[in-house]
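This report concerns only the one structure given below.
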Amino acid sequence: MAASFIFFLTILLCFFHGGSSSEPWLNEEDDEVIVVESRHDSRTRCDFSVGKWVYDQTYPLYDSNCPYLSTAVTCQKNGRPDSDYEKWKWKPQGCSIPRFDALGFLGRMRRKRIMLVGDSIMRNQWESLVCLVQGVIPTARKRVTYNGVSMAFHAMDFETSIEFSWAPLLVELKKGDDNKRILHLDQIEENAKYWRGVDILVFDSAHWWTHSDQWSSWDYLMEGNSIYKSMNPMVAYEKGLTTWAKWVDLNVDPRKTQVIFRSMSPRHNRENGWKCYNQHQPLAFFSHQHVPEQLLVLQGVLRRMRFPVYLQDITTMTALRRDGHPSVYRRAMDQKEKQHPKDFSSDCSHWCLPGVPDLWNEMLSALLKE
């Protein structure tokens, strides 16, 4: 058990602080980004995925002194010289997303558990959500607890917990007898046992399926008694998502639990890793339309489910925000290092906080009002 926990902790830390890799849904030669077609859902009359970023001086809604932020995302503390990336609000076309109301959100979540499940970018979103609410709670009435690969922020007066559960592939990644990593495409219970009894489940899973070469997430894949050295990543992704979908259909009661699947958070990488460095404004428009294969696979799996999962599409809005990544400011630099910032690796995957994930959570809060 201890060895398993250390393994998962190690890969979490390696991914959150590790190097960059290119993504197939972002062109690496120019500034083109992706427009994603949303799956319309009867629960909301507003398509939050289509709109524009507008500059708003009243943002951010908290600052980087929030005690629940990881060092890797506190870009202001780490020396980032500009702060305009904190002041952009997402304005959907033809409607609006209400400003995040911490007390209102906690009131709706009273006596409930909300859990965000996925990779380190979902951890990014969890930290954002905790920081959005924690300022209205007295210090003595909030705490964080840990349970295996999960952690929970507790707002005690509301009997509410905001939780994060580490499961970047959703299905189980284990170490074999030869110390090789085996991805079990048809096994999920070791992760899913943490999801039981939760009132609102928010999932993501995309990035770890597309890592390649030295950043590959596994050494072998296994399905039933068959083991594979290689497999088309999108075939593997569909198999893993199908295992997740079957678990939700069989184990989650739609009368008691809401399930949301957040779409991919685009990276802004290219081979030399500098595409997000020294960017100060969102892109204003898209030069090319393309639906990423990951989204097509996800939509296909969701359509085959009995359970009414809501697809929260944040890919389009986020693709415009290459200015919002930590880039070289994922750690504090001394004065000498600040003279040559390009000598350091750039994180173009995660997001500075306050920043882009706050707007995902404003959208999430609006969806949970429906």
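The values are calculated or read from the model by the stated rules, or taken from the named source; none is laboratory data. The shown structure was predicted, so the numbers you read here are calculated from the model rather than taken from an experiment. Here the Cβ positions follow ideal geometry from the backbone for every residue, glycine too, while neighbour counts run over all protein chains shown. Accessible surface areas use protein heavy atoms only, side chains included; no ligands, DNA or RNA. Shrake-Rupley method; radii C 1.70, N 1.55, O 1.52, S 1.80 Å.
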Give the lysines reachable from K77 as a straight Cα distance under 30 Å; neighbours fewer than 8 places away on the same chain don't count. K52, K87, K89, K91, K142, K275, K336, K338, K342
Calculated FRET value between D84 and F344, using beta carbons and R₀ = 25 Å, to 0.05: 0.70
Sorted list, accessible surface of protein heavy atoms, 1.4 Å probe, largest first, for K112, K89, K256, K369 is K256, K369, K112, K89
Give me the percent of the accessible area of segment 143-206 that comes from carbon and sulfur atoms, probe 1.4 Å, all protein chains in place. 43 percent
Quote the accessible area belonging to R110 in square angstrom, nearest 10, computed with a 1.4 Å probe and with ligands, DNA and RNA left uncounted. 100 Å²
Quick tally, 1.4 Å probe accessible area for W88, W209, sorted with the most first, runs W88, W209
Formal net charge of residues neighbouring D219 (Cβ-Cβ distance under 12 Å; K, R +1; D, E -1): +4
With a cap of 15 neighbouring Cβ atoms within 10 Å, and only residues DSSP puts in a loop, list the GluC sites (Glu not before Pro) found in segment 148-178. E159
Quick check for you: with a 1.4 Å probe and neighbouring chains kept, what is the accessible area per residue of segment 182-242, in Å²? 43 Å²
Tell me, what is the 1.4 Å probe accessible area of V149, in Å² to the nearest 10? 30 Å²
Can you sort C348, C46 by 1.4 Å-probe accessible area, starting with the largest? C46, C348
With a point put 7 Å past each Cα toward its Cβ, work out how far Y59 is from D157 in nm, to one decimal. 2.8 nm
What FRET efficiency comes out for Y228 versus R111 if R0 is 41 angstrom and r is the Cβ-Cβ distance? Round to the nearest 0.05. 0.35
